[in-house]
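Worksheet: the structure to be examined is printed underneath.
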Ligand code: KPL
């Protein structure tokens, strides 16, 4: 049994694609006891309905996927973990950085892994989850307890039929995604536009170069491979062009009135800058602007 904590778009994508009957959602406090039922639209073919039971007391999952928003993760796990065996691997799917470290520091004895995914999923209306874009998922260990389990966890996830790779340097992968999200998401939320539209906006054009300079210095301070600011800008803009018509996850959160993950993206970078004595005025400004939208 694979338990999934977080029944948003990503949780529903994995629940719909992993073998039926082997998945359960972990109930959150106050959640209705009925099983979760929704329609799922795969990339190809007809939509179908999915019914996912809630994990029952006493049921012991072999694997726990955590697909909550970054800001909810710690609290959700504090509620869920007391009834889950300490040997069960925890796989964190959160965007940005910061929440993964909080989890591995809070439960150092548990096997903690992280996943970085480029799969696209959304919920255009209540009761419907759409697999919107084919991607790939990399999974790797965040602590030594998780290390020997990477291959097995990657295999279990691959039973979904989605592309899954074991990853030795998962922190590096999370950083690569963080750089892209730091250069796109806040701009789309502040400007209320699609990913591609930021490129022509004066606000983006004014701030992207100094933002990339900050990120370039932070990468060095975090022990990540150094990239010049121009190369970071190129990779950010390549993704903005490739996903030009997408609504970013941060803009989607904002439009739906949900808290955003800004504290784990540009906010994380601003905090890291403070720790290392690196000035991060652009990350700070973007964080404050998005916080004011909430
Ligand atoms: O990961 C994304 C997000 O929206 O969070 C990008 C890459 C910006 C695609 O929309």
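Only the coordinates and a few stated rules stand behind these numbers; no lab work does. Small disclaimer: the values here were computed from a predicted structure and weren't measured. Virtual Cβ from ideal backbone geometry, glycine too; neighbours counted across all protein chains shown.
Condition check: touching a helix residue (DSSP H, G or I) at 6+ places or on another chain (Cβ under 9 Å) and more than 30 Å from residue 265 (Cβ to Cβ). Does residue 71 satisfy that?
Against the criterion (touching a helix residue (DSSP H, G or I) at 6+ places or on another chain (Cβ under 9 Å) and more than 30 Å from residue 265 (Cβ to Cβ)), residue 71 does not qualify.
Please note which helices (runs of 4 or more DSSP H) are completely contained in region 168-270 and include at least 3 residues that are within 16 Å of the ligand (Cβ to nearest atom), surrounded by 15 or more Cβ atoms within 10 Å (Cβ to Cβ) and in contact (Cβ under 8 Å) with a residue 40 or more places away in the chain.
170-191, 229-242, 249-255
Among the numbered conditions (1) in a loop (DSSP other than H, G, I, E, B); (2) within 25 Å of residue 86 (Cβ to Cβ), tell me where residue 135 comes up short.
Here residue 135 clears every test but (2).
Would you point out the residue of region 107-121, among those that are surrounded by fewer than 20 Cβ atoms within 10 Å (Cβ to Cβ) and either under 17 Å from residue 44 (Cβ atoms) or more than 19 Å from the chain's Cα centre (by Cα) (or both), that is nearest to the ligand (Cβ to nearest atom)?
Ranking the candidates gives 120 first.
Among residues belonging to region 149-167 that are within 17 Å of the chain's Cα centre (by Cα) and surrounded by fewer than 18 Cβ atoms within 10 Å (Cβ to Cβ), point out the one that is farthest from residue 18 (Cα to Cα).
Only one residue tops the list, namely 165.
Just one of the numbered conditions (1) in a strand (DSSP E or B); (2) more than 13 Å from the chain's Cα centre (by Cα); (3) buried (at least 19 other Cβ atoms within 10 Å of the Cβ) is not true of residue 104; which one?
Every condition holds for residue 104 apart from (1).
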